[in-house]
C-alpha cells in the first residue's frame, strides 16, 4: 500500500515542528475541553474564462491559514488566522479555548499518522501545469461549440483548478496530511432563432491532473454536450404540471439522492432530531430495489478524499440497503455524542470554517432492469436526464430538483423535449415509490458543489435509470385525461 | 450546477449582508488609524509596482474584516467563532490584455509573488478592445457620512452576545408548546474595511459594520411531523437591531403556521408572494438587466430598452447612495461614485445595470454597479435595489382573492433568464375567500417571467429593507400551481 503524503508541506515551508503543534493544542485545551484540533490549509487556484472566443479573464491566487477548534461537550469554539506565525496561532488557540470552561483536563496524545490511501496521485498538479495548455482546452471547447450548429450564438468556456495542502492534528493523536488536486472544465452555450432561444451547459473533471482532459472527457465532449442541450431547448414544449410517473436517466440525476436522502442522513441533523429521517434507522425508507451508499474512496472523483477535514480516512458507508435505512454520515463530534463510528464525513470549506458531516460521492447501486424496459413501462410520464441542481428542507423532508433536459414519455416512447421544470417530493417516502432500477449505474461528470450552512464543498452523485411511480412535476401545461395537451 | 440544502435562516442571513465579499472577508484587530494608512499605502504601492513592471494600467483591492458568531441551541452555547483575516488582489493591464491575482499572504515575498504572477498571467489573455479601467474623470467617492459603520456592533461583551442569541431562541421556545425543538438562535457581528486604488491615482476606502440576530424554531404536530421556519433582524448598528424577543416570537409564528401543511390539486389561481419571496422576483429582473447577460444575449430583456416589460404599476430602482443602506457604498468596485438608477419606470425598461466593461460593450454609460471580488474581471452587483411600494396593504390584497396561493418560501433555482421559463418548488398558505386558510407544501409554481413581470397585478405598501434587495408583497396572475 502506498503511504501518501510524506511531503510534510507545512513543516518544510513554515518550519513547523511537532513540538509547535503540541504547544498550540495545549493552549487550545488550556481552559479544559474534550478535544482540540488544528487545520492548516494552503490553497492555490487558477481560473480562466473564454467568452466571445477571447480569453477575457485569467486569475490565480493563494489562500492560506490555520483554524483552531476546541470541543467541550456539545460546544465548539473556533478561531482562525491567515498568518502562520506562532503568536497568531496561539492567539487563535486561546480564543477558541474561551468556549471551554470545563474542569476536565485533556492532554495531548502523541501524534500517529495512519496509513492513508492515495486516491489521486497526480505527478504534476494542474495548478503547476503550463497555463497555455489550459487556455488551449478552452479555445478548443469554444470552436467545437460554435461549429456544432449555426444557431449557437454565444459560448462561454471556463476552467478552474486548485491544489489544497492540508495538515490536521488533534489532541487525540490525529495526524494527517494530504494534497488534494481539483480541476474542472465548463462550457455554456446559448442557441437562438428568431422565434426561440435555449441554453445548455456541460462540464466535468475531478481530483485529476490536466491530462484528464486529453482522455475521453475532452473539451470537445463537453462543448458538444452543451451545444446539444441548447439546440434541443429551441423546440421544447411546455412541461406538464402535477403528479405523474417520472423516469430519471443515469448519472447526474443522482442529485435526487443527494437532496432526498443524503442531507437528511447527515448525523448532525439526526443528533439534534431536526431531520425528517431522525429515528428511522432500521425502518423502510425506500423500495427493496434501492441500495444507496456514500463513498469517499473512489479514485480521481470530485467528491473523494484520502482523509476528511478532521484527518479521518474516508470510507464507503451504506445509507440504505434494500430499502432499509442503515446509517448516518458522521464526523468526530456527532460520532462521539451519538456513540457511532466516525464515517470520515467531517468536511469544511476552508480553514475559516467549522467542520460538519457532509456527503462525498453519493449514489444508488445498479439494479436488474433494462433501461429500455423502464421507458416502455410508462404510459404518460416524464423522462428527465439533466438537472440544474436542487435544494431540500431537512426538517419537513421536502426537496426539489430542477430538470434542465427532459422529455415526455407517451405510450412507452420518448417523444418531445419539454421545457425545464422543477420536480418536488418528500425525502422519506420518494424512494418507496421506486418500482424499477436500471442496470446502468453512472456517476456524474464531476461538477457538483454542495452548500450547507454557508459552506461549499465539491461532491459527486450517481444513479442508474430509475422509475418513480409518482412525483410532482412543476410545468405549465394543462393535462387532459389520458394524455398531455400542448 | 450546485445542489443546496436549505438552511433558511443561515443562508438568508448571509445574503442579508450587502455583498458576497463580506462572507469571505473578515479582519485583524482594526480601529487603528495607522493600519488604515498602511492599507492605503500598500494598495498604492502595489499599483505603482505593477506599473513599474510594465503594466499600462493597474488596480488593487485590499479587504480586511473580523467576524463574531455564536449559535445557542436549546439554551446551550453550540458554537462560538471569533476571528479576522485579510486579503489583497491586483488586476493589471497590458494594453487591452488583463489578468488578476490575489493572496492572503501580506509578507513582502507574498506580495511580490502576487505581482509577478499577475504580470506573467496577462501574457496569455486576449486583446479585448473593451477592456480597461474607468477614465480618470469618472472616478470619485460620495462625500459625507453614509452611516455604514458603527462600532457598537462589537460593544456587547461576549456573554451578552450569547445572551442575545439565547433570548431570541427562548422567546420562540416559550411561544407555544408545539415548538419542541430548535435549530438555534444566533448572534453575528462583523466589521470590514475595503481599500481600492488604481493607476489613475484613485485611492478610496470605506468601512462597514453589520450585526444580526436569527432564530430557527422547529414545531411538531400531533402526528410527529416537523416544520421549521425562521426570522431574523439585521442592522449596521446594534442600536437598530430588533429585540431578540421580537425576532423569536415572529420566528415562532412563521413556524407554527406551517404545521399540518398539505398538498393541493394542480390549479391556475392568483399567487401572492410575501416580501421575502417577492424579492426573488426582483433578483430575476436584476439578472435580466445585468449588462453581462444583456451583451451576451443571455437575457430575454436584452434589446428591450424603452419597451414595456412590466405592468404600469411597476417601478424598480437601484440606489447605491442611500444613507445606512445594506447596498450602499461610496464608490463601486471600479472606483466610480455610486448613484441612483431607475431601472423600470411605470413598466418601461429605462436602464440596464452596468459596469465599465459592459457599458462599453453596449455603447452606454456605466451605472456604477461594478462589483469587484478579489480576482477576475469585475461583475455587476446591486446597490439598494427595490420595487417601489404600492397603495394597498397586504391584507387588502389577500382579501380580494377567493381562491389562491400565498407563498412564503421558494425552493430550488428554476428560473431560466434566457427563455424566461420559470418553475420552482413552493410552500405557503392557501387563500380561501380572502383569508389565509391552511398551510400548503410540496407544490410548484410555474410560468414564464416575460408574462409574470407583466402580470404583477398588485403591489403592497409594505416595502422594508432587510438586505440590499427589497420588495413589498406582490400578487401575480396567470401562474400554474402544480400539485396532485
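The values are calculated or read from the model by the stated rules, or taken from the named source; none is laboratory data. Everything quoted here is computed from the prediction, not taken from an experiment. Neighbour counts are summed over all protein chains in view; Cβ atoms, including those assigned to glycine, are modelled from backbone coordinates with ideal geometry.
Filtering the range B:208-226 to residues that are touching a strand residue (DSSP E or B) at 6+ places or on another chain (Cβ under 6 Å) and either part of a helix (DSSP H, G or I) or free of Cβ contacts under 8 Å to residues at least 60 places away in the same chain (or both) leaves B:211, B:213, B:217, B:218, B:219, B:220, B:226. Taken together, the residues in the range A:152-183 that are in contact with a helix residue (DSSP H, G or I) (Cβ under 8 Å, 6 or more places away or on another chain), surrounded by fewer than 21 Cβ atoms within 10 Å (Cβ to Cβ) and not in a strand (DSSP E or B) amount to 0.
If you check B:382, B:391 for being surrounded by fewer than 24 Cβ atoms within 10 Å (Cβ to Cβ) and either out of contact with any helix residue (DSSP H, G or I) (no Cβ under 6 Å at 6 or more places or on another chain) or away from every other protein chain (no Cβ under 14 Å) (or both), only one passes: B:391.
When B:192, B:168 are checked against the criterion of being touching a helix residue (DSSP H, G or I) at 6+ places or on another chain (Cβ under 9 Å) and closer than 18 Å to residue B:242 by Cα, B:168 stands alone in meeting it.
Considering only residues of the range B:394-416 that are away from chain A (no Cβ under 14 Å) and under 26 Å from the mean Cα position of the chain (by Cα), which is farthest from residue B:227 (Cα to Cα)? Give the derivation first.
Looking only at the range B:394-416, we keep the residues that are away from chain A (no Cβ under 14 Å), and these are B:394-404, B:406.
Now narrow it down to the ones that are under 26 Å from the mean Cα position of the chain (by Cα): B:394, B:406.
On the way: B:394: 24, B:406: 17 Å.
Out of the qualifying residues, it is B:394.
Going by the structure shown, is residue A:201 within 21 Å of the chain's Cα centre (by Cα) and within 12 Å of chain B (Cβ to nearest Cβ)? Criteria met by residue A:201. Here residue B:322 fulfils each of the conditions (1) in a strand (DSSP E or B); (2) more than 14 Å from every other protein chain (Cβ to nearest Cβ); (3) surrounded by fewer than 21 Cβ atoms within 10 Å (Cβ to Cβ) apart from (1).
The criterion of being without any contact (Cβ under 8 Å) to a residue 24 or more places away in the chain and within 14 Å of chain A (Cβ to nearest Cβ) holds for residue B:302.
Of all residue pairs spaced 6 or more apart or on separate chains, none has beta-carbon atoms under 8 Å together with a first member in the range A:267-278 that is under 11 Å from residue B:228 (Cβ atoms) and more than 10 Å from chain B (Cβ to nearest Cβ) and a second member that is part of a loop (DSSP other than H, G, I, E, B) and at pLDDT below 95. The number of residues in the range A:69-91 being facing chain B (nearest Cβ under 10 Å), closer than 15 Å to residue A:26 by Cβ and more than 30 Å from the chain's Cα centre (by Cα) comes to 1.
Of the candidates B:425, B:420, the single residue that is without any contact (Cβ under 8 Å) to a residue 60 or more places away in the chain, within 13 Å of chain A (Cβ to nearest Cβ) and closer than 24 Å to residue A:476 by Cβ is B:425.
So, in the range B:49-64, of the ones that are more than 11 Å from every other protein chain (Cβ to nearest Cβ) and assigned to a strand (DSSP E or B), which residue ends up nearest to residue A:36 (Cα to Cα)? Looking at residues that are more than 11 Å from every other protein chain (Cβ to nearest Cβ) and assigned to a strand (DSSP E or B), I get B:63. Go through the residues of the range B:273-280 one by one and say whether even a single one is touching a helix residue (DSSP H, G or I) at 6+ places or on another chain (Cβ under 7 Å) and closer than 30 Å to residue B:434 by Cα. Yes, the range B:273-280 contains a residue that is touching a helix residue (DSSP H, G or I) at 6+ places or on another chain (Cβ under 7 Å) and closer than 30 Å to residue B:434 by Cα.
Just wondering, is there one or more residues in the range A:329-341 that are buried (at least 23 other Cβ atoms within 10 Å of the Cβ), in contact with a helix residue (DSSP H, G or I) (Cβ under 9 Å, 6 or more places away or on another chain) and in a strand (DSSP E or B)? If you could, list the steps in order and put the result at the bottom.
In the first step, residues of the range A:329-341 are kept if they are buried (at least 23 other Cβ atoms within 10 Å of the Cβ); the result is A:329-334.
Filter once more, so that each one left must be in contact with a helix residue (DSSP H, G or I) (Cβ under 9 Å, 6 or more places away or on another chain): A:329-331, A:333-334.
If we keep only those that are in a strand (DSSP E or B) as well, we get A:329.
The answer is yes, given that some residue of the range A:329-341 is buried (at least 23 other Cβ atoms within 10 Å of the Cβ), in contact with a helix residue (DSSP H, G or I) (Cβ under 9 Å, 6 or more places away or on another chain) and in a strand (DSSP E or B).
Scan the range B:74-85 residue by residue and report those that are part of a strand (DSSP E or B), surrounded by fewer than 23 Cβ atoms within 10 Å (Cβ to Cβ) and more than 7 Å from chain A (Cβ to nearest Cβ). Walk me through it before giving the result.
Narrowing the range B:74-85 to residues part of a strand (DSSP E or B): B:76-85.
Still in the running and surrounded by fewer than 23 Cβ atoms within 10 Å (Cβ to Cβ): B:76-79, B:82.
Hits for the range B:74-85: nothing passes.
Of all residues in the range A:400-426, those that are at pLDDT 95 or above, closer than 16 Å to residue A:253 by Cα and touching a helix residue (DSSP H, G or I) at 6+ places or on another chain (Cβ under 6 Å) total 1.
Of all the residues in the range B:94-144, those that are surrounded by 18 or more Cβ atoms within 10 Å (Cβ to Cβ) and within 9 Å of another protein chain (Cβ to nearest Cβ) number 19.
Restricted to the range B:460-484, and to residues there that are within 11 Å of chain A (Cβ to nearest Cβ) and not in a strand (DSSP E or B), the residue that is farthest from the chain's Cα centre (by Cα) is B:484.
Just one of (1) more than 7 Å from chain B (Cβ to nearest Cβ); (2) surrounded by 21 or more Cβ atoms within 10 Å (Cβ to Cβ); (3) more than 30 Å from residue B:361 (Cα to Cα); (4) touching a helix residue (DSSP H, G or I) at 6+ places or on another chain (Cβ under 9 Å) fails for residue A:41. It is (4).
Residues of the range B:120-137 that are within 26 Å of the chain's Cα centre (by Cα) and part of a helix (DSSP H, G or I): none at all. In this entry, residue A:309 is excluded by the filter for residues that are surrounded by 19 or more Cβ atoms within 10 Å (Cβ to Cβ) and either in contact with a helix residue (DSSP H, G or I) (Cβ under 7 Å, 6 or more places away or on another chain) or within 27 Å of residue A:435 (Cβ to Cβ) (or both). Of the residues examined, residue A:363 is one that is touching a helix residue (DSSP H, G or I) at 6+ places or on another chain (Cβ under 6 Å) and more than 10 Å from every other protein chain (Cβ to nearest Cβ).
Any residue at all in the range A:102-125 that is surrounded by fewer than 19 Cβ atoms within 10 Å (Cβ to Cβ), within 14 Å of another protein chain (Cβ to nearest Cβ) and touching a strand residue (DSSP E or B) at 6+ places or on another chain (Cβ under 7 Å)? Looking through the range A:102-125, at least one residue is surrounded by fewer than 19 Cβ atoms within 10 Å (Cβ to Cβ), within 14 Å of another protein chain (Cβ to nearest Cβ) and touching a strand residue (DSSP E or B) at 6+ places or on another chain (Cβ under 7 Å).
Taken over the range A:50-68, the residue count meeting the criterion of being crowded, with 22+ Cβ neighbours inside 10 Å and more than 7 Å from chain B (Cβ to nearest Cβ) is 5.
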